[in-house]
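Notes to accompany the following structure.
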Amino acid sequence: MPDFQFPEFHGLPPFYTPQPVPKTREQQIDLWSSLIISYCHHESIKIIDIISFLDSPVCNNKTIERKMPQSLLEKIITNLKEDGHAEWADESHSRAYIFYKSPAEWGVQIMKIIDDQGLLGEVVPIRRLMKLLSEENKEFEGCDEFIFFRSLKELEKKDKCFIMGKSQGIVTSVDEIMGVKFKLG
Amino acid sequence: MESKYFLPAILNGGGIPEFGKESQLADLSCSSEVTNGGTSFKVRVFFSDHNIYLVFPDSSAVKLPLKHILSINDEKQKLFTRQIIVRYPGEDFYFMGLKKKESASIYDKIFDICFKREVKPWQKAEREARKGTIDKGLFRMIEDSREGVRELVKKTLEQAGDLDLLVENAKQIKYVLDSARKKIADKAKESGEGEEDEDLIKANAFVQEIGLVNVTTKAQLADSDRFYTALGHEIFSTLNSYIRSNGGCVDAAVCYGILNKARGVMIVSPKDFILGCEKMKALGLGLELATIKTEIKDRNIRVLQVAGGFEKLCFENLQKLFDQKSGKYPRVKVSDVAKDLKISGQLALYILEKAEKSLILCRDVSPAGLVFYKNFFGDFTDGAK
């Protein structure tokens with residue numbers, strides 16, 4: 001796999017200084033958010049440790065001797081979370097999941113494939129569903145189970161499907177899913 | 001008690017010490033007029049090492065401690081050989097005329113006793129003048145006083161700040177200059193318009209030079225409104241092009257210095273400058289005095305700026321500054337702006353932050369300091385690059 005190509009702004013020092021003007025700060029965070037998502041996807045990073053990530057090449061540019069401050073990274077994670085592209089992995093906010101696509105975006109992909117396959121209204125066993133999605137869209141091969149599960153929960157929240165667990169009680173992971181019934185309409 | 005000099009009984013009472021034979025108490029009973037508040041009395045004068053005693057016809061006496069004397073002026077008068085004006089704090093003064101032939105030596109004796117500690121340089125000059133036939137003019141008096149001030153300041157600095165000494169002698173100088181000012185005014189009245197002697201001209205120039213009073217301008221435009229109107233126009237004509245060529249906004253203190261430098265010896269006070277600027281704004285001439293609030297507490301800046309905001313002009317000047325820099329992403333420091341626009345660092349920072357808030361610039365903070373770049377964030381967000 002070729003090395004990740006950093007964009008031009010990654011080499012500009014102001015990129016690493018939290019900008020005090022709100023409009024400029026908003027643009028700065030948007031640029032960082034896109035960059036972190038792209039980098040994590042390229043490097044297949046699904047979960048980051050905040051402190052360690054600050055020393056990664058994306059946050060620590062040794063060429064221009066600039067390093068992103070922790071406060072800025074936390075603001076970026078918060079921004080990603082609002083867009084559905086990140087989620088704190090613990091209450092202390094020391095680690096975070098980074099989603100290349102948000103659960104909502106994965107959900108759209110899932111419904112499209114299910115619809116194309118004529119499986120609306122059917123109950124699809126979980127392993128068959130996962131295999132089907134990987135075959136129809138290569139992107140699902142790299143989809144973490146955690147994000148896949150979150151995608152299904154997102155669809156369930158929107159009343160697009162119903163997750164059936166292997167046992168009674170709340171389903172908390174893919175392993176506990178027996179099948180998914182995709183609703184018509 | 002017998003003594004070399006006559007001692008009225010009253011001097012022996014009331015806490016006044018007795019004097020022995022060796023006392024320096026002198027009887028100046030021939031001299032004898034004391035004027036205070038316009039009323040004249042015949043007195044007998046006695047003095048000791050520490051005090052002058054004035055004994056009035058009704059035998060009441062006044063003790064004048066020598067250490068409190070602010071000044072002794074020597075002026076020739078018609079009726080007296082010598083005249084002593086003794087000034088004390090609180091504006092009271094006593095006027096003693098000496099008639100006797102030996103009055104000169106007695107006067108010197110009084111003088112020496114009064115200033116036993118040290119004779120000031122200007123006092124030496126005065127004494128020399130008294131001894132000779134030189135008529136000490138007004139300007140000479142001021143000149144000697146000024147020389148005395150210089151020596152005093154030098155000595156004060158050498159003594160690591162004997163402010164008490166400075167203050168004590170400053171009173172002397174102030175008295176002389178107050179007298180000079182009064183004499184200038186009196187002489188101007190006497191001589192009429194256009195007639196001024198050389199000494200008066202020099203004295204006038206000196207008084208103006210040290211900023212005591214702006215005699216000519218305020219005297220010519222006695223109406224203060226006319227004065228400030230004229231001053232407002234003068235401020236505008238002197239500073240307009242300078243301010244516009246330096247970012248549209250310049251520290252008020254710098255403007256004040258430029259204005260007074262242009263005026264030469266006829267300087268204006270800071271208060272007059274501010275009032276003149278306010279008049280200038282009221283006249284709608286195009287410049288105004290403004291206060292810029294900074295983020296640093298209690299560190300606001302007063303500036304003279306192009307009326308109606310100077311941002312546009314500032315930003316144009318900033319653009320020129322960036323254009324002069326090489327590289328795809330030039331940057332400027334606060335000091336670059338201050339140097340280029342000839343303004344203070346604080347004002348330069350204010351202008352840069354103003355441009356930053358207007359989305360023209362963005363900042364970079366590093367251990368090397370604060371620098372500003374052109375704001376590129378919008379370009380990348382829009383995908384233009």
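Every number here is computed from the coordinates shown, using simple stated rules; none is lab data. For clarity, every value in this text was computed on a predicted model and none was experimentally measured. Don't worry about glycine lacking a Cβ; one is built from the backbone with ideal geometry, like all the others, and counts go over all protein chains shown.
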Which FRET efficiency, nearest 0.05, do B:LEU359 and A:LYS112 yield, Cβ-Cβ r, R0 35 Å? 0.30
Answer in debye to the nearest 20: the dipole magnitude of the range A:103-182 about its Cα centre, from +1 Lys/Arg and -1 Asp/Glu charges placed on Cβ, is 240
Amide H to amide H under 5 Å from B:LEU287: which residues, 5+ apart in sequence or cross-chain, H placed 1.01 Å off N in plane? B:ALA307
Taking N as the number of residues in the range A:103-182, what is its alpha-carbon radius of gyration divided by 2.2 N^0.38 Å? 0.97
Among B:ASP340, B:ASP379, which comes first, second and so on when ranked by fewest other beta-carbon atoms within 10 Å? B:ASP379, B:ASP340
Do any GluC sites (Glu not before Pro) in the range A:88-128 lie in a loop, going by DSSP, with at most 11 other beta-carbon atoms within 10 Å of their beta carbon, and if so which? A:GLU91
Using only atoms on other chains, find how many Cβ atoms lie within 10 Å of each Cβ of peptide B:350-356 and report the average. 1
Normalised per residue, the volume inside the convex hull of the alpha-carbon atoms of chain A in Å³ amounts to 142
From other protein chains only, count the Cβ atoms within 10 Å of every residue's Cβ in A:11-23, then give the mean. 6
A:GLU26 paired with B:LYS342, simple spin-label distance in nm, labels 7 Å along Cα-to-beta-carbon: 4.1
Determine, for each peptide in A:80-86, B:276-282, the mean count of other beta carbons within 10 angstrom over its residues, then list the peptides with the highest first. B:276-282, A:80-86
Taking neighbour counts of Cβ atoms within 10 Å as a proxy for exposure, in what order, fewest first, do A:THR172, B:THR381 appear? A:THR172, B:THR381
Expressed as an acute angle from 0 to 90° and rounded to the nearest 10, what is the orientation of the C-alpha long axis of helix A:70-82 relative to the principal long axis of chain A? 30
Can you give the relative contact order of chain A as a percent, counting alpha carbon pairs under 8 Å and 6+ residues apart? 17
Rounded to the nearest 20 Debye, what is the dipole magnitude of the range A:8-98 about its Cα centre when Lys and Arg each give +1 and Asp and Glu each give -1 at the C-beta? 260
Let me see the P(r) profile for the range A:8-98: every Cα-Cα distance counted, bins of 10 Å, each bin given as a percent of all pairs. 16, 55, 27, 2
What is the distance, in nm, between label points placed 7 Å from the Cα along the Cα-to-Cβ direction at B:ALA262 and at A:ARG128? 9.3
In nm, to one decimal, how far is the modelled label at A:SER71 from the one at B:LYS325, with both set 7 Å along Cα→Cβ? 2.4
For A:SER92, B:SER326, B:SER366, which order do you get if you count the other beta carbons within 10 Å of each Cβ and list the fewest first? B:SER326, A:SER92, B:SER366
Where in the range A:22-63 does the amide nitrogen come within less than 11 Å of the point 7 Å from the Cα of A:ALA89, taken along Cα to Cβ? A:45-53
Sequence order, the range A:128-133: Karplus ³J(HN,Hα) from phi using 6.51 cos²θ - 1.76 cosθ + 1.60, θ = phi - 60°, Hz rounded, Gly and Pro as x, gives 5, 4, 5, 5, 4, 4
